[in-house]
Amino acid sequence: MPGPSKTSCLICGSEEIGLRYRITRFDIVECGPCGQIFLDPLPSEEEIQELFKSLYTSGEGSVPELKDYYRFCFEDEPGNPLVEQFEAWLDIIERVKAPGRLLDVGCGTGLFLAVARRRGWEPFGIDESVEATDHARQHFGLDPWLGEFESLADRGESFDLVTGWDVIEHSRSPANLVRAARQCLAPGGLVSFSTPNQRSILDLVGGAMYRLTGGRLTAPLEKFYIEQHFLYFTPDSLRDCLALGGLEVVQLEQELTDLRRLTLHPLVRLGLQSMFLAGKLLGRENRLFVIARAA
């Protein structure tokens, strides 16, 4: 692994950090002891707040393909691919857990909570985005908390299910986030997360191009490694992070991004569809879905 970095691992705290890729805005680094992959340096909190404000309002960000990604967060209607994804995740969860009190961490616009409420769950949510939580209140009639999740864990609330859809990769202290989720669980409760899969076809192809060109071709990697995702988990590193927070995995699945949510040229869409098919055949899907319980 290339030379040492001055940063430390966001999971285990080790300073044995090596360079994996060097792209335009930051390095992609890997922890020697635990194998966790993350960005270095991390964007500031102010930069991330402004980015999400822009994504929820105009869709503007550093990756043009994500311009329409967040517009699916606003309406609970048939044919919405994000609603279909939420329904599919709840189908899996409800095979092992009947509806009860549900806390969605990073609830955003409240769309998932609205879907879950239709299915009999009692919905609660928390998010740091004023713009998103305003929509949850005004459009869905929800009453989410505004603020950091870890502060909620100290209030003594308990839930039968704690979810975090595309949340853990945004955390500057993911093990603490997992501990807080565990602290909120009622007896027999479950935690469920989704997150990008670092061990994906996107990294496999982009990494090969990077190495073949001596690090000059970074564009494919820059579509996958983006400033809003601090951490990139593999199935093994996600299990390890959950274990540090006191959770054991019940079920872990690999999934593919629904391309209907991306703004793509038809030829690019066709290329990604072919790549995703290869990823499925190789077991290199680009997303992870996990259900865990208290260890």
Within the stretch 125-184, residues over 29 Å from LEU39 (Cα atoms), in contact with a Cys (Cβ under 7 Å, 6 or more places away or on another chain) and crowded, with 18+ Cβ neighbours inside 10 Å come out as ALA136, PRO144, PHE159
Cβ pairs under 9 Å, 6+ apart or interchain, first in the stretch 15-30 and basic (Lys, Arg), second in a strand (DSSP E or B), ordered by first then second residue, are ARG20/ASP27; ARG20/ILE28; ARG20/VAL29; ARG20/GLU30; ARG20/ILE37; ARG22/ILE28; ARG25/LEU39
By my count, strands (runs of 3 or more DSSP E) wholly in the stretch 85-195 with at least 1 residues that are closer than 20 Å to LEU244 by Cα and modelled with pLDDT of 95 or more are 101-105, 159-165
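Can you name the residue in the stretch 201-240 that is of a type in the set (Lys, Arg) and over 17 Å from the mean Cα position of the chain (by Cα) and, of all such residues, is surrounded by the fewest Cβ atoms within 10 Å (Cβ to Cβ)? So that I can check it myself, show each step before the final result.
Looking only at the stretch 201-240, we keep the residues that are of a type in the set (Lys, Arg), and these are 211, 216, 223, 239.
Next, only the ones that are over 17 Å from the mean Cα position of the chain (by Cα) stay: 211, 216.
Details: ARG211: 11, ARG216: 8.
Going through the qualifying residues, I end up with ARG216.
Would you confirm, using the coordinates I've provided, whether LEU242 is among the hydrophobic types (A, V, I, L, M, F, W, C) and farther than 29 Å from SER8 by Cβ? Lay out the reasoning, then the answer.
Numbers: among the hydrophobic types (A, V, I, L, M, F, W, C): yes; farther than 29 Å from SER8 by Cβ: no.
So LEU242 does not fit the description; no.
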The residue from PHE38, PHE26 that alone is at pLDDT below 95 and touching a strand residue (DSSP E or B) at 6+ places or on another chain (Cβ under 7 Å) is PHE26
Taking first residues from the stretch 68-80 that are outside any helix (DSSP H, G or I) and second residues anywhere that are of a type in the set (Val, Ile, Thr), the pairs with Cβ under 7 Å that are 6 or more apart or on different chains are ASP68/THR263; PHE74/THR109; ASP76/VAL83; ASP76/VAL115; GLU77/VAL83
Taking the stretch 21-67 and the residues there that are of a type in the set (D, E, K, R) and assigned to a helix (DSSP H, G or I), the one that is surrounded by the most Cβ atoms within 10 Å (Cβ to Cβ) would be GLU65
Counting only residues in the stretch 31-60 that are touching a residue at least 12 places away in the same chain (Cβ under 8 Å) and in contact with a Ser or Thr (Cβ under 6 Å, 6 or more places away or on another chain), the one nearest to GLY106 (Cα to Cα) is identified as PHE52
- Task: Confirm whether VAL105 is within 22 Å of PHE230 (Cβ to Cβ), β-branched (Val, Ile, Thr), under 17 Å from the mean Cα position of the chain (by Cα) and surrounded by fewer than 22 Cβ atoms within 10 Å (Cβ to Cβ).
- Result: no
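The values are calculated or read from the model by the stated rules, or taken from the named source; none is laboratory data. Since we're looking at a predicted model, the values are computed, not measured. Methodologically, a virtual Cβ is constructed for each residue, glycine included, from the backbone with ideal geometry; neighbour enumeration extends over all protein chains shown.
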